[in-house]
Amino acid sequence: MIINSHTTALVAATLLALLPGCKSASPSSTSATFVVLDTTVINGDTWLLNRPIDIYFNSAIDFNSVSTSSVIFRATDTLNLGVPVTGTYGLIPDVQGRANHAIRFTPACPSNLEFDNGGFVPGNVGYELLLPTESSGGYTVVRDVAGHPLSVGLTRQFVTPSLGDTYFYDPLFTPPRITDVLVPTGLGLLSIDT
C-alpha cells in the first residue's frame, strides 16, 4: 500500500486544527448546577436579633427570584408559629469578591422595649432558614442569572438569645454617638424660639 506523503500531511494538519476544540471545558463554566456553598448561620447557632445572615452561591443570583417564598425564615417554636419574620433581602459579593453571588437577609430591628416587634424575637426562640428546590415542592425557588433553579436545598436551625442576654450585634467598636436631638414642643417646660 502506498501512502502519499501529501495526503498524510493534509490529514495531520486537519487534525491539529481541530484539537483546540476538543479540550474539555471547566465544570464551573458549563455546569447547569446552581448550589448553595455556605451560610453565615450554622445549625444550633444563637443568632443576635439584628445580625444579617449571608447565603453564598456558586453562580450570580437573579434577584427577581429572591422572595419570602424562595428564602424562607420561620419560627419553629409553638408560641411563634405563623408569626412572620420581617426584614430585607439584598445581593452582595461573596467572600472572593464576585458580584451578586450572595444573598444578605437583614432582620428588621425591634423598636419597642420588649424587643419583640422585630424580625427575630428574643427568648431562645427557635427559627429555621429554608431554601426549597423545585423537586422538594418549592413553587418559587432561587435562580441564577442563567435561569437555573437551585438544585440542592438548604435547612439551618438556630435560636435567638435567652431573655437578659446580649440581643444586638454592633459591628462598630466605638461608643454610641448622638446623631439627632428632638426637643418636644407644647409642654410649657421651656421656651425655645424657632
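The values are calculated or read from the model by the stated rules, or taken from the named source; none is laboratory data. Keep in mind that what you see is a predicted model, and the values were worked out from it rather than measured. Counting neighbours? That spans all protein chains shown, and the Cβs are built from the backbone with ideal geometry, glycine included. With ligands, DNA and RNA removed, areas are computed over all heavy atoms of the protein, side chains included. Shrake-Rupley method; radii C 1.70, N 1.55, O 1.52, S 1.80 Å.
Within the range 150-166, the residues that satisfy the criterion of being closer than 25 Å to Gly118 by Cβ, in contact (Cβ under 8 Å) with a residue 24 or more places away in the chain and open to solvent by 30 Å² or more (accessible area, probe 1.4 Å) are Thr155, Arg156, Gln157, Val159, Ser162, Leu163, Asp165, Thr166. Regarding Val145, is this residue closer than 25 Å to Ala32 by Cα and of a type in the set (Val, Ile, Thr)? So Val145 fits the description; yes.
Screening the range 170-194 for residues that are open to solvent by less than 100 Å² (accessible area, probe 1.4 Å) and closer than 22 Å to Gly118 by Cα and picking the one that is modelled with the lowest pLDDT gives Pro171. For the range 99-146, the tally of residues that are out of contact with any Ser or Thr (no Cβ under 8 Å at 6 or more places or on another chain) and modelled with pLDDT of 95 or more stands at 5.
Here Gly147 clears all of (1) free of Cβ contacts under 8 Å to residues at least 24 places away in the same chain; (2) surrounded by fewer than 11 Cβ atoms within 10 Å (Cβ to Cβ) except the condition numbered (1).
Please enumerate the residues belonging to the range 36-57 that are more than 12 Å from the chain's Cα centre (by Cα) and at negative phi. Ile42, Asn43, Asp45, Thr46, Trp47, Leu48, Leu49, Asn50, Arg51, listed by residue number. Identify, by number, the condition in (1) exposed (fewer than 15 other Cβ atoms within 10 Å of the Cβ); (2) more than 15 Å from Arg143 (Cα to Cα); (3) modelled with pLDDT of 95 or more that Asn64 doesn't meet. In the conditions (1) exposed (fewer than 15 other Cβ atoms within 10 Å of the Cβ); (2) more than 15 Å from Arg143 (Cα to Cα); (3) modelled with pLDDT of 95 or more, Asn64 misses (2) alone.
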